[in-house]
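The values are calculated or read from the model by the stated rules, or taken from the named source; none is laboratory data. Computed from a prediction, not measured in an experiment: that's the story for all the values here. Cβ placement follows ideal geometry from the backbone for every residue including glycine, while neighbour counts extend to all protein chains displayed. Side chains are part of the model used for accessible areas, which takes the heavy atoms of the whole protein and leaves out ligands, DNA and RNA. Shrake-Rupley method; radii C 1.70, N 1.55, O 1.52, S 1.80 Å.
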Amino acid sequence: VFALPVAAYMLQEQEAHAAEMERTFIAIKPDGVQRGLISEIISRFERKGFKLVAIKILVPSKEFAQQHYDDLKERPFFSGLCEFLSSGPVVAMVWEGEGVIKYGRKLIGATDPQKSEPGTIRGDLAVVVGRNIIHGSDGPETAKNEINLWFKPQELVSYTSNAEKWIYG
Ligand code: ADP
């Protein structure tokens with residue numbers, strides 16, 4: 001008698017949970033890769049409870065870097081920044097979870113590592129703004145655009161992790 005309402009309730013819960021799921025674009029820049037920080041950075045997102053849905057390693061071209069940082073093209077550091085992003089391998093990722101865009105930025109810390117709190121990725125692992133090891137989308141619109149720029153739709157993997165019921169209840 002109770003099986004159906006309970007099942008329906010659980011389905012509603014799952015649907016509500018699915019509706020709140022967000023995705024963000026995270027990149028480990030060439031300095032993070034060269035310094036051997038890939039696993040350290042991935043583990044911080046993974047341990048939090050966020051889910052990795054896409055990952056690849058590539059050396060972006062200068063033109064691609066310019067496209068990625070198009071919003072900053074008027075800034076004096078733009079050219080150096082694009083030169084740097086294209087100077088070596090970058091690990092490009094998409095992470096999924098409730099509030100992952102905003103909380104991902106919290107995990108990363110302030111743009112200038114001198115102003116990042118200890119406990120954040122940049123606070124713990126970087127010293128200067130020009131070598132701040134990681135990029136993360138700064139809002140839902142940017143996240144969508146950056147995911148589309150770096151990944152083809154078929155490179156994103158939708159799956160249910162068995163841990164989700166322990167992370168979200
Ligand atoms: P964030 O990466 O935190 O979103 P921004 O979008 O403002 O920060 O800047 C993009 C990147 O440009 C920064 O992560 C950093 O690598 C670089 N950058 C920002 N400000 C400076 C600066 N004053 N000098 C050199 N590089 C900078």
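Looking only at residues in the range 74-104 that are within 19 Å of Thr142 (Cβ to Cβ) and open to solvent by 80 Å² or more (accessible area, probe 1.4 Å), which one is nearest to the ligand (Cβ to nearest atom)? Full working, then the answer.
Step one: list which residues in the range 74-104 are within 19 Å of Thr142 (Cβ to Cβ), which gives 74-75, 77-78, 81-82, 85, 90-104.
Of the ones still in play, those that are also open to solvent by 80 Å² or more (accessible area, probe 1.4 Å) are 74-75, 77, 102-103.
Numbers: Glu74: 12, Arg75: 7, Phe77: 4, Lys102: 13, Tyr103: 15 Å.
Per the criteria, the residue is Phe77.
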Checklist entry - Only one of (1) closer than 15 Å to Ile147 by Cα; (2) in contact with a helix residue (DSSP H, G or I) (Cβ under 7 Å, 6 or more places away or on another chain); (3) within 15 Å of the ligand (Cβ to nearest atom) is not met by Gly32, so which one is it? => result (1)
Next on the checklist: Conditions first: (1) hydrophobic (A, V, I, L, M, F, W, C); (2) part of a loop (DSSP other than H, G, I, E, B); (3) in contact with a Gly (Cβ under 7 Å, 6 or more places away or on another chain). Val33 passes all but one, so which condition is the exception?
Outcome noted: (2)
Checklist entry - Out of the residues in the range 128-151 that are exposed (fewer than 13 other Cβ atoms within 10 Å of the Cβ) and under 16 Å from the mean Cα position of the chain (by Cα), which is nearest to the ligand (Cβ to nearest atom)? => result Gly139
Item to check | Residue in the range 45-54 that is farthest from Ile101 (Cα to Cα), counting only those that are open to solvent by less than 90 Å² (accessible area, probe 1.4 Å) and without any contact (Cβ under 8 Å) to a residue 60 or more places away in the chain | outcome: Leu52
Item to check | the range 105-127, subset near the ligand (Cβ under 8 Å from one of its atoms) and farther than 17 Å from Glu40 by Cβ, residue most open to solvent (accessible area, probe 1.4 Å) | outcome: Arg105
